[in-house]
1. Determine the calculated [θ] at 222 nm for chain A from helices alone, applying -39500 (n - 2.57) to every DSSP H run no shorter than 4 residues and normalising by the residue count; nearest 500 deg cm²/dmol.
2. Determine the relative contact order of chain A: mean sequence separation of Cα pairs under 8 Å and six or more apart, normalised by residue count, in whole percent.
3. DSSP beta bridges in the protein assembly as shown, what fraction antiparallel, as a percent rounded to 5?
4. Quantify how strongly other chains surround peptide B:130-141 by giving the mean number of their Cβ atoms within 10 Å of each of its Cβ atoms.
5. Compute the distance from the alpha-carbon center of the range B:98-131 to that of the range B:404-427, in whole Å.
6. Tell me the angle of helix A:148-164 to the major Cα principal axis of chain A, expressed in degrees between 0 and 90 and rounded to the nearest ten.
7. Under 19 Å from a label point 7 Å along Cα→Cβ of residue B:105: give me every residue in the range B:23-53 with its amide N that close.
8. Nearest 0.05, what FRET efficiency do residue B:96 and residue A:55 give at R0 = 22 Å with Cβ-Cβ as r?
Amino acid sequence: MSGNEMLFVVFPYAAFALLVVVSIARWRLHQFTVSSMSSQLLESRRLFWGSIPFHWGLTLILVGHLAALIVPRSFELWNAVPLQLLLLEITGMALGLWALFGIVVLISRRIQVPRVRSVTTTMDAVVLGVILAQIVTGLLIAIGYRWGSFWGTAVFVPYVRSLLSFSPRPELVAALPVVLKLHVLSFFVFVAIFPFSRLVHIITLPLNYLTRPWQKVVRNAPEPYVYQPSADEFLTRR
Amino acid sequence: MRVRAQMSMLFHLDKCIGCHTCSVACKNLWTDRKGAEYMWWNNVETRPGTGYPTGWEDQEHYKGGWWRDDKGRVHLKIQNQPVGLARLFFNPNLPQLDDYYDPFTFRYQDLFDSPQGDQQPTAQPISMITGDEMEIESGPNWDDDLGGSGIYARNDPSLDGVDPDVRAQMEEIERVVFNYLPRICNHCLNPSCVAACPSGAIYKRAEDGVVLVHEDKCRAWRMCVSACPYKKVYYNWSTGKSEKCILCFPRMETGQAPACAHSCVGRIRYMGVLLYDADAIEEVVHAPDDELLQAQMDAILDPFDPKVIAEAKAAGIGDDWIDSAQNSPAWKFVKEWGLALPLHPEYRTAAMMFYIPPLSPVMSTIERNLVKLDLGTEEHDFELFHQLEKARLPLEYLANLFSVGDHEVIKKILRKMLAVRMYKRRQSVEGFVDGATMAALEAAGTHPDEVEAIYKMTTLPTMEERFVLPPYHREMAIEELNDPLAHKGAVGVGYIDPPRRGA
């Protein structure tokens, strides 16, 4: 097995397997440890400048990447108009820089604020390092290998789809420049550490808050169940 | 009508001596852990004052509780649902650690390691979070007994609406006055912490009304901390989980009063069941400000009413609980005698812990609108009785704390309490009760039988009368969930996952 296959076939599958198995195990056996581990109580002002750009920047960029993966044809059609391509590239670049600003603030906060430093674990440092690597390589690609949203659908999408369809074609990425490979690999590292770190809070996004009634009354016996007949749902939006 | 039971605590503020034994009992039992050092599920504040965390009543700042718009709709002050989700990454209304205080300890080893010198060695204070040396600049009761002073009292939001002249008088040294306010979680009927939790980790127990955080489901979105207007949900910075007063439910389930109440030196605390109508909560929450208090009082049901008893049984409340509700000191003080009020009902959470407002110090007399400090004779009781608006602790202030600004409610309570005092004083000191005192009793809307009952429950109650705890039958509930034979010889049921910090 070549090094390329190791890195771009075995490693991603192993990483995703870890993500699924360990996340489920952690959820079922040690759910107490699943938390976003907010440190806002200890320091708030710098968190504002770090957390908001970091989270929103990365979320929007992730949405862009997913869109390219799911509807590559629409992407290509959009990018066929040069002005639209330019617009997309500028937006992506801006979001990337915004996220970079955020993570730099977050890292400096972790180092400089004593209270925050005292609750920082090794895994926190690893997480920040991996995400920083992803943001930096992403920005370097955007600068050095211009119009990524244009060629990306032709280069990366077939590779990722080949992984997802369990017929991996690592040769598609074998000849790519190092920065591009690093960008992909750092994502697989992200996936691998996901279940072992605070990153698990991503899958706990509480979307059901949008629909649940305000109040929650639970009866302990005979068995714990959420007890909410219609009248318990007072203060539902009118 | 849908009857539910609530374990309710009652605080007789006239008896509180501000000794903090309750706080220490609670601290030793529940929050003597890493990440929880700064939490005081039970704290005692000096009033007027800013309390703990500093200025917790300033809801323009912290956005706790609910608010009612012009159309009579009620909204959570901190957020609606989409805004709540959008603010997961940063909560602009979260109190900071310094709003509580930086928890500290002392490096006692310094006492042994210091080099020989002219002075006694001292132990250096250090932060319990960073371990760094620090200057202690605040604490959970930093303004203890300074509440009446201009420095702390001036910042008390409950003084808003008190007449400027009265405020000026309160700051005069002869009129400086304070009382104590012990606080725990109010285990509300319409808890805003529950409503604010994006994860749905907080819930109210149907059987006894205790509001709990499901620690496994908490994801540290920390909206509950801001949303609770009483600031009684705390964020554990070490485990990344929110925590709050659990009303010592493991103690109550085994027939013991909560630790704060049990340890109370002044015996100011009472514990008992209140039956309430869950269908009425909606109405309470939406009531306009001037009807809010009455609506909440009306939601509490009479445990002697046959209709209520039938409905309670239909709702699965056992005879023993109904029996407890009938003997409940909470029922007596809150509804039967009408002496107790919830704290800040205007937050619209329908708080279910109740307070008997303090009779301000009566060791003063009023002469030409001035307060004299010399002890008077019994006649001065009457003077205060008829001029309660001139009491040292202004009625407006108590009204802002307990009755949405309606000082008639406070006046009625204080008159009744004063009537009890006058009656018993005449009876025990002079051996007879004169006509003027009987007239005062009537004016206060009470009668000798009730006075004797209030007197007995206030001054001479036994432990069993103060804490009327219903049997929980947890053993039966557990049996329905787990087969006891399968766990024979084991220590408890279930598994233990140590509350360690996740990565």
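We did not get these values from a lab; they are worked out from the coordinates using the rules stated. On a predicted model such as this, the values are computed, not experimentally measured, just so you know. Cβ coordinates were reconstructed from backbone atoms using ideal geometry, including for glycine residues, and neighbour counts include every protein chain displayed.
1. -21000 deg cm²/dmol
2. RCO, chain A: 28 percent.
3. Antiparallel: roughly 85 percent of the beta bridges in the protein assembly as shown.
4. 1
5. Each part's Cα centre sits 49 Å from the other's.
6. Roughly 70 degrees, rounded to the nearest 10.
7. What the label zone holds, given the 19 Å backbone N cut-off, is B:24-41.
8. The value I calculate is 0.60.
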